[in-house]
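> Before anything else, here's the structure in question.
The values are calculated or read from the model by the stated rules, or taken from the named source; none is laboratory data. Owing to the predicted nature of the structure, the values given are computational and were not obtained by experimental measurement. Positions of Cβ are generated from backbone atoms using ideal geometry, with glycine treated the same way; all protein chains shown enter the neighbour counts. Remember, those area values only see protein heavy atoms, side chains included, never the ligands or the DNA or RNA. Shrake-Rupley method; radii C 1.70, N 1.55, O 1.52, S 1.80 Å.
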Amino acid sequence: MLQIAYHPIYKYSLPEGHRFPMAKYNLLPGYLLKEGICTQENFFEPEKIPAKIITQVHTRDYYNRLLDLKLDKKEIRKIGFPLRADLVDRGHYIIGGTIKGCHFAIENGVSLNIAGGTHHAYADRGEAFCLLNDQAVAAQYLLDTKKASKILIIDLDVHQGNGTAKIFEHNPYVFTFSMHGAKNYPFKKEKSDLDIGLDDGTGDEEYLEILKNTLPKLIEKVQPDFIFYLSGVDIIKGDKLGRLACTLKGCKHRDRFVFETAKNHDIPVQVSMGGGYAPAIDSIIEAHANTYKMAQEVYFSWQK
């Protein structure tokens with residue numbers, strides 16, 4: 001059965017008019033239920049992850065200043081959210097959902113987190129709506145607990161996973177792959193193990209061709225025993241923070257291909273949602289929901 005991490009704390013209260021579509025974290029579970037993509041049984045509520053796991057990736061200084069709400073104004077501005085204790089708690093629960101999802105992925109092949117994909121968070125700072133890096137912490141947790149020995153992070157958000165790339169820059173056990181808009185944020189890119197920068201306006205055909213020519217070869221080369229997939233839907237044409245031109249159908253095809261490739265190689269995959277900033281919240285929800293639909297079809301269609 002597909003297991004999905006969700007906690008009410010995922011929806012963080014923001015000032016009216018804020019550009020981040022925080023409502024999606026409440027709307028997406030309801031949409032999945034309404035459309036029959038999932039049932040209530042598919043959802044689990046994550047626990048708050050302890051500090052000792054987080055500080056295997058994030059520096060103790062940064063983590064302590066987060067807990068004490070002692071970031072300076074410049075640091076808070078770079079994160080883009082007002083800093084309160086419940087935002088810090090939220091980060092702990094998101095990581096908890098991703099780590100628990102790893103256990104479910106090992107058991108069932110795949111698991112998803114309604115939130116997460118906080119790939120702009122560095123070891124010593126946050127930025128761009130990312131406070132703590134859920135998949136980086138979870139990857140280190142899998143290595144530390146010997147539940148994985150070689151990890152592949154597939155980051156298909158429209159923005160490069162700069163924080164994740166930097167965190168694992170010198171770690172031979174984690175291979176970071178980011179396929180993103182070349183001219184989009186972050187404007188100073190970090191060095192992933194593999195970066196593919198796409199031109200503005202890249203659409204379905206070119207996007208999917210590049211992905212299909214890259215991912216299977218990459219898996220053969222890296223030989224991972226666990227995959228993290230960041231399934232940002234900000235690759236879709238018209239996204240307010242993206243500059244590509246993929247369609248909803250193309251994005252859905254992307255997700256199916258990633259899942260089929262992982263399943264065919266018998267590699268468990270944990271999925272965090274990442275970005276999506278279409279002008280209409282309904283479009284964001286539909287795009288994210290397609291990821292869950294593809295996971296159900298690829299891994300669990302035999303149960304229907």
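One line per residue, one yes/no per condition, for (1) at pLDDT 95 or above; (2) under 15 Å from the mean Cα position of the chain (by Cα); (3) not in a helix (DSSP H, G or I):
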{"site": "208", "(1), (2), (3)": "yes, no, no"}
{"site": "212", "(1), (2), (3)": "yes, no, no"}
{"site": "227", "(1), (2), (3)": "yes, yes, yes"}
{"site": "239", "(1), (2), (3)": "no, no, yes"}
{"site": "242", "(1), (2), (3)": "no, no, yes"}
{"site": "257", "(1), (2), (3)": "yes, no, no"}
{"site": "274", "(1), (2), (3)": "no, yes, yes"}
{"site": "278", "(1), (2), (3)": "no, no, yes"}
{"site": "291", "(1), (2), (3)": "yes, yes, no"}
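> I want to confirm something. Restricting to the range 56-71 and keeping residues that are under 18 Å from residue 84 (Cα atoms) and not in a helix (DSSP H, G or I), which single residue is most open to solvent (accessible area, probe 1.4 Å)?
Selected residue: 70.
> Still on this structure, please answer the following. Would you check which residues across the range 171-185 are surrounded by fewer than 22 Cβ atoms within 10 Å (Cβ to Cβ) and either farther than 17 Å from residue 152 by Cβ or of a type in the set (D, E, K, R) (or both) and list them?
182, 183, 184, 185 - these are the residues of the range 171-185 that are surrounded by fewer than 22 Cβ atoms within 10 Å (Cβ to Cβ) and either farther than 17 Å from residue 152 by Cβ or of a type in the set (D, E, K, R) (or both).
> Filtering the range 112-146 down to residues that are β-branched (Val, Ile, Thr) and not in a helix (DSSP H, G or I), which residue is most open to solvent (accessible area, probe 1.4 Å)?
Checked the range 112-146; the qualifying residue most open to solvent (accessible area, probe 1.4 Å) is 145.
> Is it the case that the range 97-111 has a residue that's part of a loop (DSSP other than H, G, I, E, B) and either open to solvent by 30 Å² or more (accessible area, probe 1.4 Å) or under 30 Å from residue 143 (Cβ atoms) (or both)?
Within the range 97-111, one or more residues are part of a loop (DSSP other than H, G, I, E, B) and either open to solvent by 30 Å² or more (accessible area, probe 1.4 Å) or under 30 Å from residue 143 (Cβ atoms) (or both).
> Continuing with the same structure: Among the residues of the range 147-163, are any touching a strand residue (DSSP E or B) at 6+ places or on another chain (Cβ under 8 Å), surrounded by fewer than 22 Cβ atoms within 10 Å (Cβ to Cβ) and not small (Gly, Ala, Ser)?
Yes; the residues of the range 147-163 include at least one that is touching a strand residue (DSSP E or B) at 6+ places or on another chain (Cβ under 8 Å), surrounded by fewer than 22 Cβ atoms within 10 Å (Cβ to Cβ) and not small (Gly, Ala, Ser).
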